[in-house]
Amino acid sequence: MPSDQEVIAQVLAGQTDAYALLVSRYERLARAAAIRIVRDSHAADDVAQEAFVAAFKTLSSLRDRSSFAGWLLGIVRRRAATALKNDRRRRSIGGDLNARTPAAAPPSSEMLELLEFVEQLPDQERVVIGLKHFQGCSVQEIAEITGRPVGTVTKQLSRARQRLHDWLTQEHHKHERIQRS
Amino acid sequence: MNAFNDLEERLDQLGRELAGPPCFVDQVMADVAVVRRPQRRWLRAAGGLALAASLLIAAAIWLTPSPSLYAQAIAALDKAKTVHVTGWTSEPLRKWPLEGTVRQEVSENNVPVDAWYWNGEDRRPRSYERFGPVTLVRDGAELREYQSDVDLLFVSKGLPKDYVERFSSLSAVLEMLRKEGAAADELETRNADGKTIRGLKFARGERIEEYWFDAKTNLPTSYARRRLGNSEPKTEFQLRFAYDEQVPAAVAAYRPPQAKHVRYGGKHDDVQIVWKQHVQELAQRMLSEAKGETVSLLPRTEPKTFSLQYMMRTPDERFWVVPLDLDQYRPLSVKDFIRVRVSMAEGDHALEAWRVQKDLLGIEFPRADLVCEKDTPWQQWVSFALKSIDLEFVDVVEERTYWIAKHDGRKLKPYQQVKPPVPYIVKGGKEQKGLVKPGVGYFLRPVTMHELLSELTRLQNDDLRGRGPIIIDETGLPRAPRNDPSKYSTWEQYRAAVNYDQYLVATDSPYFVGEESQALAREWYEKEFGVTFEQEQREATIHVVRRKP
């Protein structure tokens, strides 16, 4: 499986169809980053789509090609924030008249909670979690995609899971305390 | 299952929930294909696609018989560093076109055209277009148009990528015209300025357009548009194209001067502020000019038009302002008045309760604002507005067809599984959400049963004939409580408080317009929800708009 760096080199050499591989690798991770901000699955699709196209346009400016995923997610977040701002403005413009046009469905609250925590992971850990659990890649495949040794990927996955577990446990205890009080 | 297994299961589940549309990769790659085509630079450079130049290029896409010739033309354009357009027109274009009578005055005379398209710093598309008294400059997303004859500056903001979309839509229009049978003829090759040029003539109704290309480079060289009238054909546009000329320093440095009047449009943030300021002024005018009146019609003084305007209360909450105007391009017709200004609310003046004679639908209101005290009955202000154009409405009671919606009691599917009967229109591998034909989703968001039935009623009565079915919801399906703005300041608050998602029943609302959609609608409702419509005749009050006797 070609690494992200290799795919980017192909794309920049004119084999633009190879970009589809990057899109399929990171589409769910991109959607996750967008949905956490815009809270609307349709809007998240649009944001993710725009972000991939924007990333394609400026791909040649990416200095560290091994950090494509982190760079892409930065674009997603900025675009999502803009989309959210525009959406709020549109609603405030509409006022009473648009009261009957709600946005699309939000993700479930459980999903959002977990997404919040995934988004708080360091970039590299978030990417390996996304590739493993959102895209269904094996550790070997993640190692090939990211160009890192298998052992490093295993450690990053392990650390990420530990962090997520700890955060979820803390959150659970917090809820329990609130309910008791 | 230990805690980590549970976490892994949740992450896998999250991954499944994050799955997007199956064609997501294709959609992105379709957009990427547009970006990577060589015409990109030209398209971005040709920010002034409002100009006839855009028509010429768009037409070239369609008219050029060989795709390879088109590719050559595009490749040549891609290499061009600048495009310079000169000539004249009898129809100077204005982005803000409706200030006073100026447009009418100048339209009788030909005005010179001088336009430049190039890329600025950071490859930002820039353009300068001068049509007689109108000078329009674009710098990336910013647009500024100065109209020297009325000392007016129009400021607008958009997205540079919109140019591509606008370009695509122009091509789509031309393609549609071709399907409708508009004629295109290849003209005889000839020599001009030492070049061999070949032409194409395109006739549509009374309009004839001629496009000329350099036979060697395939670059566009000139464009002319004539209109056939009762007398001699009148030329409306005559343009010539030149490439790679040095953009004059004065053109590149041009900035519109300070103007007496400033208007805002597009995505510019100030659009809303401008409208609110106007509403505030109307409140003062109502107190000073229309003392004691419950309802008054206040003409636009300058005259002023707005790209964003909507019904709203004055800041002192004393009056409602109803703009008798649609946007800066179009006045408000009777049809739009009923659809947009009057029948927004449900109840006794909902859309289905209106009937307007066909010949009255297009009558336009003079641009003005209707201002009325906040508790004025709708009948009073609607009558007042109609009276201003010599119309009135009268109520008649007659038999109407009602559809009584019943539910067979089945458990509804999760809304994500219920899609409109006809998929979104796909062009170039991308779903064209917003383009509609019967049965296609057009709300572009999930909907409740109440919304579905309300929209079905509205679409069935959108022609204002007052003869479509009136739908009564007797499904017994739960309905979301009303959004009370005094309790919830945002839609999100309301949505969370009432758990709005539990009321959603479908991913989108299908476009069931006109009688021809009725069979499809009935079939879809029954199949997806177990909802059927029992037809009944009942008496109903119809508000009939007619000329005043």
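Throughout, read-outs are computed from the coordinates displayed, never taken from laboratory work. Owing to the predicted nature of the structure, the values given are computational and were not obtained by experimental measurement. Because the Cβ atoms are built from the backbone with ideal geometry, glycine has one as well, and the counts that use them run over all protein chains shown.
Assorted remarks:
- Computed label-point distance, nm, for sites B:Glu206 and B:Ala519 using a 7 Å Cα→Cβ extension: 4.1 nm
- Exceeding the 20 Å Cα-Cα cut-off - candidates B:Lys411/B:Lys437; B:Lys95/B:Lys234; A:Lys132/A:Lys155; A:Lys132/A:Lys174; B:Lys413/B:Lys527; B:Lys335/B:Lys387: B:Lys411/B:Lys437; B:Lys95/B:Lys234; A:Lys132/A:Lys174
- Inter-probe distance in nm under a simple model that places probes 7 Å from Cα toward Cβ, at A:Met1 and A:Lys155: 2.1 nm
- Between B:Gln246 and B:Lys195, the simple label model (points 7 Å from Cα in the Cβ direction) yields a spacing of 2.1 nm.
- Across every pair of non-identical alpha carbons in segment B:434-549, the mean reciprocal distance, once inverted, gives a Kirkwood radius of 16.2 Å.
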